[in-house]
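See below for the structure under consideration.
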Amino acid sequence: MSELTFEQMLEESLKTIHTGEVVEGTVIDVKPEEIILNIGYKSDGVLTRNEYTNEPNVDLTTIAKPGDTMEVKVLKVNDGEGQVLLTYKRLAADRGNKRIEEAYNNNEVLKAKVAQVLDGGLSVVVEEVRIFIPASLVSDTYEKDLTKYAGQEIEFVISEYNPKRRRYIGDRKQLILAEKAEMQKKLFETIKPGDTVEGTVKNVTDFGAFIDLGGCDGLLHISEMSWGRVENPKKVFKVGDVVKVLIKDISGTKIALSLKFEDQNPWKDAAEKYAVGSVVTGKVARMTDFGAFVELEAGIDALLHVSQISKEHIEKPSDVLKTGQEVTAKVVDFNEADKKISLSIKALSAPEAAAEKADEDADVVSVDIDAVISGEDAGEETEA
């Protein structure tokens, strides 16, 4: 039997490898753009930067050092120069595919950093698998600008898994909706009309403000923002303001809010402050053809009827008054039940009129009719 040469024995001692095979190698040299590995084959394996990761300009000397072991996949047994071409990113992608498939089948929540903000959504990478999250599935509300998500770590589920087309779709929206539904459930279990709660202004419109109560938004209507008048909610609130509000009513999932706290109700002491006969001062808040409404304090307006503005005849209040003008008048009627107060400037001259009437009365002779009749009867009896 013939003896084997040293070269033959060495070659037989080395393993055989095939394209697509996963092998373990030991790093023997590292350069910024490639890693050389001993994979137990007659030729060393070369792992280039492009086959290590999809990330651009990665310095491989920061990734590995001589003596490290790595699992890689054989890309080509002979590259034409006797070297074995290796890939790490494709092995990671294969494993990533299995990981994504498991997550898809189990509806598992994944977490990853946003790698790229695109025109139509976000791109994240999970174990070398790139997943696209469309803009419509990023949030439960439309977001025009997604740049705020750049570099953020976000949670999502896989809503579409198609490895043949390399189509992997993520969905963050359903997680947000599920979380809000749970928060909403807890919120409605703990609140009731009459409660005071804290919320954050989420949106401000011409008719009111929407307050995030943590799980559900409540509407603070313009009419409930103050005991007084609010001309424009946008001048009172801005998005992000934290406010304490009163829960006025709950109807299904709709919550009506108010800032009209009863201990601040200006009508609480109004009966005493604005009793009939009181002389008060206020500012003309608005006018109609039949009269002017005078603001006595925030939340309390009184009507100054056109007939009570002056002794002289006035066609309409705007002929003699203007909005913002300060006027002094007498309270001539107070209706607490209907929260109505009537004023009169004309009544302020009543004392003068009463004095004039008293002078006129002094010139009139008073006759006691009963006494006169009694006197006549007495005379008749005497004559008899």
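Considering every residue within region 100-115, establish whether at least one is open to solvent by less than 70 Å² (accessible area, probe 1.4 Å), under 27 Å from N203 (Cα atoms), touching a strand residue (DSSP E or B) at 6+ places or on another chain (Cβ under 8 Å) and among the aliphatic types (A, V, I, L, M). Scanning region 100-115 turns up no residue that is open to solvent by less than 70 Å² (accessible area, probe 1.4 Å), under 27 Å from N203 (Cα atoms), touching a strand residue (DSSP E or B) at 6+ places or on another chain (Cβ under 8 Å) and among the aliphatic types (A, V, I, L, M). Among the conditions (1) part of a loop (DSSP other than H, G, I, E, B); (2) acidic (D, E); (3) within 49 Å of the chain's Cα centre (by Cα), the only one that E81 does not satisfy is (3). When K31 is tested against the conditions (1) touching a residue at least 24 places away in the same chain (Cβ under 8 Å); (2) surrounded by 15 or more Cβ atoms within 10 Å (Cβ to Cβ), the lone failure is (2).
Among the residues of region 279-300, how many are within 21 Å of S223 (Cα to Cα) and open to solvent by less than 40 Å² (accessible area, probe 1.4 Å)? Give the derivation first.
Initially, region 279-300 is screened for residues within 21 Å of S223 (Cα to Cα), giving 283-288, 292-300.
Filter once more, so that each one left must be open to solvent by less than 40 Å² (accessible area, probe 1.4 Å): 284-285, 292, 294, 296, 299-300.
Number of matching residues: 7.
Of the candidates K42, K73, K65, the single residue that is open to solvent by 40 Å² or more (accessible area, probe 1.4 Å) and either of a type in the set (A, V, I, L, M) or touching a helix residue (DSSP H, G or I) at 6+ places or on another chain (Cβ under 6 Å) (or both) is K73.
Just one residue in the set E297, E272 is touching a Pro at 6+ places or on another chain (Cβ under 7 Å) and farther than 21 Å from K180 by Cα; that residue is E297. V276 satisfies every condition listed in (1) part of a strand (DSSP E or B); (2) open to solvent by 40 Å² or more (accessible area, probe 1.4 Å); (3) of a type in the set (V, I, T) except (1). Of all the criteria given as (1) at pLDDT below 95; (2) in contact with a strand residue (DSSP E or B) (Cβ under 9 Å, 6 or more places away or on another chain); (3) surrounded by 12 or more Cβ atoms within 10 Å (Cβ to Cβ), the one not satisfied by E262 is (3).
Just checking, does region 208-220 include any residue being of a type in the set (V, I, T) and closer than 25 Å to D263 by Cα? Checking region 208-220: at least one residue is of a type in the set (V, I, T) and closer than 25 Å to D263 by Cα.
Here E189 clears all of (1) touching a Gly at 6+ places or on another chain (Cβ under 9 Å); (2) open to solvent by 80 Å² or more (accessible area, probe 1.4 Å) except the condition numbered (1).
For region 332-348, the set of residues classified as open to solvent by less than 60 Å² (accessible area, probe 1.4 Å), more than 45 Å from the chain's Cα centre (by Cα) and under 12 Å from S278 (Cβ atoms) consists of S344, A347, listed by residue number. Taken over region 195-214, the criterion of being more than 20 Å from E231 (Cα to Cα), more than 10 Å from the chain's Cα centre (by Cα), open to solvent by 50 Å² or more (accessible area, probe 1.4 Å) and not acidic (D, E) is satisfied by T196 alone. Could you tell me whether region 227-250 includes any residue that is within 22 Å of I341 (Cβ to Cβ), open to solvent by less than 60 Å² (accessible area, probe 1.4 Å) and among the small types (G, A, S)? Yes, region 227-250 contains a residue that is within 22 Å of I341 (Cβ to Cβ), open to solvent by less than 60 Å² (accessible area, probe 1.4 Å) and among the small types (G, A, S).
Of all residues in region 158-186 being modelled with pLDDT under 95, within 22 Å of Q116 (Cβ to Cβ) and charged (D, E, K, R), which is most open to solvent (accessible area, probe 1.4 Å)? So the residue we want is R166.
Each residue in region 279-309 was checked for being in a loop (DSSP other than H, G, I, E, B) and at pLDDT 90 or above, and 4 pass.
Residue pairs, Cβ under 7 Å, 6 or more apart or interchain, first in region 54-73 and over 15 Å from A93 (Cα atoms), second open to solvent by 90 Å² or more (accessible area, probe 1.4 Å) and not in a loop (DSSP other than H, G, I, E, B). List them. Once the first residue is over 15 Å from A93 (Cα atoms) and sits in region 54-73, its partners that are open to solvent by 90 Å² or more (accessible area, probe 1.4 Å) and not in a loop (DSSP other than H, G, I, E, B) give T69/E24.
Determine if region 99-107 includes at least one residue that is among the aliphatic types (A, V, I, L, M) and farther than 22 Å from Y161 by Cα. Quick ask: steps written out before the conclusion?
Our first condition is that a residue be among the aliphatic types (A, V, I, L, M); within region 99-107, this holds for 100, 103.
Still in the running and farther than 22 Å from Y161 by Cα: none.
Within region 99-107, none of the residues are among the aliphatic types (A, V, I, L, M) and farther than 22 Å from Y161 by Cα.
Scanning region 39-67 for residues that are in a helix (DSSP H, G or I) and not β-branched (V, I, T) turns up R49, N50, E51, Y52, L60.
Here is the figure for region 132-190: residues that are of a type outside the set (D, E, K, R), outside any helix (DSSP H, G or I) and under 19 Å from the mean Cα position of the chain (by Cα) total 5.
The values are calculated or read from the model by the stated rules, or taken from the named source; none is laboratory data. Note that the structure is a prediction, hence the values are computed from the model and not measured. Note that we place each Cβ from the backbone using ideal geometry, even for glycine, and neighbour counts take in every protein chain shown. These accessible areas exclude ligands, DNA and RNA; they are computed on the full protein's heavy atoms, side chains included. Shrake-Rupley method; radii C 1.70, N 1.55, O 1.52, S 1.80 Å.
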